[in-house]
Amino acid sequence: MEGQLQAILDADVAALRIWLEAQRSNAETAASAKLVGHLARELIDLAHQREFMPIVLAQSPQLAELRTAIQPWMDAHGFTDFIVVDREKQIVAASQAELIGRQELTRTAAFLDTVLAGQATVSRPFPSRILLTDEDGEVRVNLPTMFAVAPLRDDSDAVVGALALRLRPERDFTRILNVARFGHTGETYAFGPTGLLLSQSRFDDDLKRVGLLPDREDAHSILTLELRNPSVDMTKGARPKIRRSEQPLTKLAAEAIAGHSGVDVDGYRDYRGVPSLGAWTWLPEFGFGVGTEVDLAEAYRPTAILRLAYWGMFALLAVSTVAIFAFTVVVARLRRAMRQATVEAKQLGQYTLEEKLGEGGMGVVYRGRHARLQRPTAIKLLDVEKTTPESIRRFEREVQLTSQLNHANTVAIYDFGSTPEGVFYYAMEYLEGINLEQLVQKHGPQPEGRVIRILLQICGSLNEAHGMGLIHRDIKPANIILTCRGGVADFVKVLDFGLAKVVSAERESGLTAFGSIIGTPLYLAPEAVQGADDLDARGDLYAVGAVGYFLLTGTTVFKGQNIVELLMHQVNTPPESPSARLGAPIAADLEAVILRCLAKRRDDRPVSARELAAALARCTAAADWSDTDADVWWQAQSADRSLASGAAAATPVPAETRTGIWTGESGRKR
């Protein structure tokens, strides 16, 4: 029993730590985003000007731009509001205009001291002192609130303020604490240094019945109930003889607040007075404790009764499962048939499907035409055989992230929709060209000037994405198309922004590992291999360096007999210089830039795509590949009829299609 309670507590605490670290990382990413950080700093500067009035900030164009820039990002990560404070804790920007200029709301927020000292953090839940809208749409004060907060820095890296993003603790915070629990009466909860409950109790209705909460619809235990021992079992009608404020803290709360972790399987009374067993710990870095409990009566119920109940429930579950499964299969087949009929009809809204270009593990790509525009378009359909709520979410996320980007070197999204039968699709620009993997396979190592020209365009695409807080996470040669665009030869298009690739283990090093690794191991940064929670733009820059290495030498940075060996090389093995690998001289300045990108430590790499582009542009070979050189190369490929059977310049290569190679989605082109 002791081991079970400890295991449940450890699982819930581990899940909570991961969630808190993720929120802290989200806040840091938002604060460091180029546009968000720039606008926030401008508002701080504006607040410190002479003759400052809050209405000036509230009506400033910078605040309107900041709200527009940060809202899609907040929606994607579950944040509800934001505030920006200066070093004096004065609010200079917020989702709610009436907060601007106020200082009394933040003066006592101790977590801001940590952030203004340079350390991002997540506050523990606390009651809001301002009017907020609850989940029922009613405006109330004292709603549960918590913030993920990160410092805002100026160009000299000095902290000038903080960005705070609001979360609703009654949702994710409480849900995370119940990742694991014991039986029907078990629950895990968080509490503050005075014993105040910081998460929602499972027993709110019971607490109202016994009088521990007011019998109102809007009454909740979070930030209301203290973990005190009434000394009698209130669930059985008994009432304590002393007032709640005079009752001692429960054993679980008192021990944890004192800094002692422990387990009690002998029994003590919980905050309802019910004899219980429990385990507890204190998290000093977040300033609250976590405990898990189960009623003693349930924990020690006779084994025979438990066994009988178990088998009875198992039999009922088995019968129900068979019935539900049969019904689900029938419904799923009907839906698939309807979707398949729609695809076979070759008509999706205003788009007519033509040639099938390729497919991956999640989608199928067709060439098509818009009924009125009549321009060639690449149309990606979610595979009707694999349409699930999760695949739909991934598909929509793919479109939403990519459509936020408008850089010329990023694949453009034209349209997104679904048919009445549930076939999801999106339309994107149709590209004729060759991806970088095919380029090296067919033509070998590339000239230094051409490599620099290609990498500069990749940096341009990534610079826009990183400025919006988006990390590609799967930069590789197969995701970069080389084409001719608007009369410009050697024009780069970067594909697959924001996708978390999955693949079965059998595909090994060329693919994305399911449930453990996001990205392609051949181009994966060491920190991503090690499972770091705070991945940032420098992981993409590592991949850019690996792509440059591949273009210069015709080989990947590392090779391995299996995925484990390959990942160990990524983490531990210094890369061989490109000139040594190629067996021919390479300009020292270009080689230095590539090796800097491939540094094991993030801090040793360029800090941004813009900095990397500047370093590449300074290389002596940057001017060695001219527009004329590019034109001559493409004309030669067009004249080579032997390319018609391959995937080169003469063969249309739509965005999202990797002709003749495996995709990062565990599928392959046919």
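Candidates in the stretch 15-42 are the residues that are within 17 Å of A158 (Cβ to Cβ) and not hydroxyl-bearing (S, T, Y); of these, the one that is nearest to the chain's Cα centre (by Cα) is E28.
Would you please name the residue that is modelled with the lowest pLDDT, looking only at residues in the stretch 273-323 that are part of a loop (DSSP other than H, G, I, E, B) and within 18 Å of E2 (Cβ to Cβ)? So the residue we want is R301.
Annotation note: of L20, L46, the sole residue that is assigned by TED's automatic domain parsing to the domain that holds D154, farther than 14 Å from D533 by Cα and either surrounded by fewer than 22 Cβ atoms within 10 Å (Cβ to Cβ) or free of Cβ contacts under 8 Å to residues at least 60 places away in the same chain (or both) is L46.
Just one of the listed residues (L566, L535, L541) is crowded, with 16+ Cβ neighbours inside 10 Å, outside any helix (DSSP H, G or I), under 29 Å from the mean Cα position of the chain (by Cα) and in contact (Cβ under 8 Å) with a residue 40 or more places away in the chain, and it is L535. Of the residues screened, I55 is one that is out of contact with any Lys or Arg (no Cβ under 7 Å at 6 or more places or on another chain) and assigned by TED's automatic domain parsing to the domain that holds T133. State yes or no: is V84 closer than 12 Å to V160 by Cβ and either surrounded by fewer than 16 Cβ atoms within 10 Å (Cβ to Cβ) or touching a helix residue (DSSP H, G or I) at 6+ places or on another chain (Cβ under 9 Å) (or both)? Spelling it out, V84 is indeed closer than 12 Å to V160 by Cβ and either surrounded by fewer than 16 Cβ atoms within 10 Å (Cβ to Cβ) or touching a helix residue (DSSP H, G or I) at 6+ places or on another chain (Cβ under 9 Å) (or both).
State whether one or more residues within the stretch 250-268 are in a helix (DSSP H, G or I) and modelled with pLDDT under 90. Checked against the condition, which is being in a helix (DSSP H, G or I) and modelled with pLDDT under 90, the stretch 250-268 yields no hits at all. Here G262 fulfils each of the conditions (1) farther than 30 Å from D10 by Cα; (2) among the small types (G, A, S); (3) in contact with an Asp or Glu (Cβ under 6 Å, 6 or more places away or on another chain) apart from (1).
V571 meets each of the listed conditions (1) at pLDDT below 95; (2) within 19 Å of R453 (Cα to Cα); (3) of a type outside the set (S, T, Y) apart from (2).
Residue-by-condition table, conditions (1) modelled with pLDDT of 50 or more; (2) hydrophobic (A, V, I, L, M, F, W, C):
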| site | (1), (2) |
| --- | --- |
| D603 | yes, no |
| A617 | yes, yes |
| A621 | yes, yes |
| D627 | yes, no |
| A644 | no, yes |
| R658 | no, no |
| R670 | no, no |
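May I ask you to say which residue of G487, G422, G444 is surrounded by fewer than 17 Cβ atoms within 10 Å (Cβ to Cβ), modelled with pLDDT of 90 or more and on the phi > 0 side of the Ramachandran plot? The conditions single out G444. Residues in the stretch 570-595 that are among the polar types (S, T, N, Q), touching a helix residue (DSSP H, G or I) at 6+ places or on another chain (Cβ under 9 Å) and not in a helix (DSSP H, G or I): S577 only.
Would a scan of the stretch 204-224 turn up a residue that is in contact with a helix residue (DSSP H, G or I) (Cβ under 8 Å, 6 or more places away or on another chain), closer than 25 Å to A14 by Cα and touching a residue at least 12 places away in the same chain (Cβ under 8 Å)? Yes; the residues of the stretch 204-224 include at least one that is in contact with a helix residue (DSSP H, G or I) (Cβ under 8 Å, 6 or more places away or on another chain), closer than 25 Å to A14 by Cα and touching a residue at least 12 places away in the same chain (Cβ under 8 Å). Highlighted here are the strands (runs of 3 or more DSSP E) found entirely within the stretch 376-459 that include at least 3 residues which are within 30 Å of A584 (Cα to Cα): 433-435. Taking each residue of the stretch 247-262 that is in contact (Cβ under 8 Å) with a residue 60 or more places away in the chain and looking for partners that are part of a loop (DSSP other than H, G, I, E, B) and of a type in the set (G, A, S) with beta-carbon atoms closer than 7 Å, six or more apart or interchain, yields A253/G195; I257/G195.
The values are calculated or read from the model by the stated rules, or taken from the named source; none is laboratory data. Model, not experiment: these values are computed from the prediction. In this analysis, Cβ positions are derived from the backbone assuming ideal geometry, glycine residues included, and neighbour counts consider all displayed protein chains.
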